[in-house]
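Visitor: My structure is below; once you've seen it, I'll send some questions.
The values are calculated or read from the model by the stated rules, or taken from the named source; none is laboratory data. Since this is a predicted model, take the numbers as computed values, not measurements. Reconstructed Cβ throughout: ideal geometry from the backbone, glycine too, with neighbour counts over all protein chains shown. Side chains included, ligands, DNA and RNA excluded: accessible areas come from the protein's heavy atoms. Shrake-Rupley method; radii C 1.70, N 1.55, O 1.52, S 1.80 Å.
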Amino acid sequence: MPRPRTFDEAAVIDAAVTAFWQGGLHATSVDELLRATGLARSSLYNSFGSRDELVRLAIERYVDRQIAQLERAFQGQRLDVALEAIFIDIARDNHDGKGCLLINGVNELHDPQADALATIRRGFARVATRLTALVAAARPDAQDPSLIAAEVITAIAGLRTLQRTGLPSATVRETARRFAKRIAQG
């Protein structure tokens, strides 16, 4: 009979998100995950099966949180207002300068067969699907909300990158405002 878990699974996954976000999906070693999560090697493997499974769970947790943030930004808002709030937040903070786990991961992983890359792609698909629905609700006259959602994802990726370059914050914020305005106008 297996022993009961003596750790909080949600806290372990949160710690894994932080570890992968700081060290990279590919570069973060099992030893670094053990330090970050406080798990013993046997607990990690007995509870999660593999490092790849912990990567999958961490990405899913991250995506859940990003979708929740998008939903909060769109709640009762016009498209332009929601986009400006999202984009300005990225320009100002960008997850304390860490960027986006999905964008960082897709840029880091070059092996198209990597399990983590497939998980990232599923994460982007989930974000795109939810964002399409949010855009459609905020702008019911939109001809193709999925194209607007793709533009929003492109703007987010660009702004996250721009914010990390060290360009003046006023330039990044003004770029964020312009993106919001242009995308909302269609």
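Visitor: State log₁₀ I(q)/I(0) for the stretch 2-80 at q = 0.13, 0.16 Å⁻¹ as given by the Debye formula over alpha-carbon point scatterers of equal weight, solvent excluded.
Guide: Result of the Debye calculation: -0.45, -0.61.
Visitor: What net charge do the residues around ALA180 carry, taking every other residue with its C-beta under 9 Å from that of ALA180, with Lys and Arg at +1 and Asp and Glu at -1?
Guide: Value of the local net charge: +2.
Visitor: While we're on this one: Mind checking the stretch 61-120 for trypsin sites (Lys or Arg not before Pro) that DSSP puts in a loop (not H, G, I, E or B) and that have at most 16 other Cβ atoms within 10 Å?
Guide: ARG78, LYS98
Visitor: Any idea what angle helix 9-23 forms with the longest principal axis of the chain, computed on alpha-carbon atoms, 0 to 90 degrees, nearest 10?
Guide: 70
Visitor: Over all Cα pairs of the stretch 76-147, how is the pair count split among 10 Å bins, expressed in % and running from 0 up to the last occupied bin?
Guide: Reading the bins upward from 0: 18, 36, 34, 12, 0.
Visitor: Starting from the Cα-Cα distance between ASP93 and ALA27, subtract it from 0.36 nm times their residue separation and give me the gain in nm to one decimal.
Guide: 21.3 nm
Visitor: Hey, any idea what % of the stretch 97-138's accessible area is carbon plus sulfur with a 1.4 Å probe? Walk me through the numbers before you get to the answer.
Guide: Working: 1150 of 2010 Å².
Here it works out to 57 percent.
Visitor: Given a 1.4 Å probe, how much area per residue of the chain is accessible, in Å²?
Guide: 55
Visitor: Let me ask you something else. Just the projected area, averaged over all directions, of the convex hull on the alpha carbon atoms of the chain: how many nm²?
Guide: 12.1
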